[in-house]
């Protein structure tokens with residue numbers, strides 16, 4: 001998928017690199033939820049977060065917005081699992097006709113975490129999956145429960 005990164009996003013990526021010494025692959029400024037979502041290079045997540053989340057707190061102070069970070073993965077299933085952490089994703093199912101996926105969680109208790117307050121986590125998943133893989137997130141289901 002081809003992604004265009006604007007001037008403001010490039011500035012935010014550079015700010016992250018300067019403050020945390022980690023590498024961001026992409027940055028999305030989500031005005032709807034007043035946040036900045038960074039996609040961090042695989043293996044740099046610990047460096048980006050910092051000890052006890054100090055780097056995220058510092059970035060939030062500098063940018064004045066909530067910061068969220070997702071570790072990049074080459075495989076869509078692994079990337080979805082990273083997006084919805086700490087909820088445990090057991091698998092994803094890709095619909096053959098449409099570029100739409102269903103996300104299956106291990107526990108019913110993780111459903112609220114995966115959706116997020118006012119749907120912010122599922123919206124983050126939709127933005128990132130569309131941007132990186134050209135896929136839409138359809139339903140979030142609990143593995144082992146019957147589909148209604």
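Confirm whether residue 42 is in the same structural domain as residue 17 (by TED's automatic domain parsing) and without any contact (Cβ under 8 Å) to a residue 12 or more places away in the chain. Quick ask: steps written out before the conclusion?
Details: in the same structural domain as residue 17 (by TED's automatic domain parsing): yes; without any contact (Cβ under 8 Å) to a residue 12 or more places away in the chain: no.
Taking the combined requirement at face value, the residue does not satisfy it.
Please state which one of 101, 25 is in the same structural domain as residue 134 (by TED's automatic domain parsing) and closer than 20 Å to residue 135 by Cβ.
101
Name every residue in region 103-148 that is assigned to a loop (DSSP other than H, G, I, E, B), closer than 25 Å to residue 67 by Cβ and out of contact with any strand residue (DSSP E or B) (no Cβ under 6 Å at 6 or more places or on another chain), in order of residue number. It would help to see each step written out before you state the result.
The initial filter retains those residues of region 103-148 that are assigned to a loop (DSSP other than H, G, I, E, B), namely 106-107, 116, 134-135, 143-148.
After this cut, where a residue has to be closer than 25 Å to residue 67 by Cβ as well, the list is 116, 135.
Of everything in region 103-148, just one residue is assigned to a loop (DSSP other than H, G, I, E, B), closer than 25 Å to residue 67 by Cβ and out of contact with any strand residue (DSSP E or B) (no Cβ under 6 Å at 6 or more places or on another chain), namely 116.
Got a number for residues in region 102-130 being in contact (Cβ under 8 Å) with a residue 60 or more places away in the chain and farther than 19 Å from residue 28 by Cβ?
0
Whether any residue in region 135-142 is at negative phi and within 13 Å of the chain's Cα centre (by Cα) is what I want to check. Let's see the steps before the verdict.
Step one: list which residues in region 135-142 are at negative phi, which gives 135-142.
So of that shortlist, the ones also within 13 Å of the chain's Cα centre (by Cα) come out as 137.
Scanning region 135-142, I find at least one residue that is at negative phi and within 13 Å of the chain's Cα centre (by Cα), so the answer is yes.
The values are calculated or read from the model by the stated rules, or taken from the named source; none is laboratory data. Only a predicted model underlies this, so the values are computations on that prediction, with no experimental measurement involved. Virtual Cβ from ideal backbone geometry, glycine too; neighbours counted across all protein chains shown.
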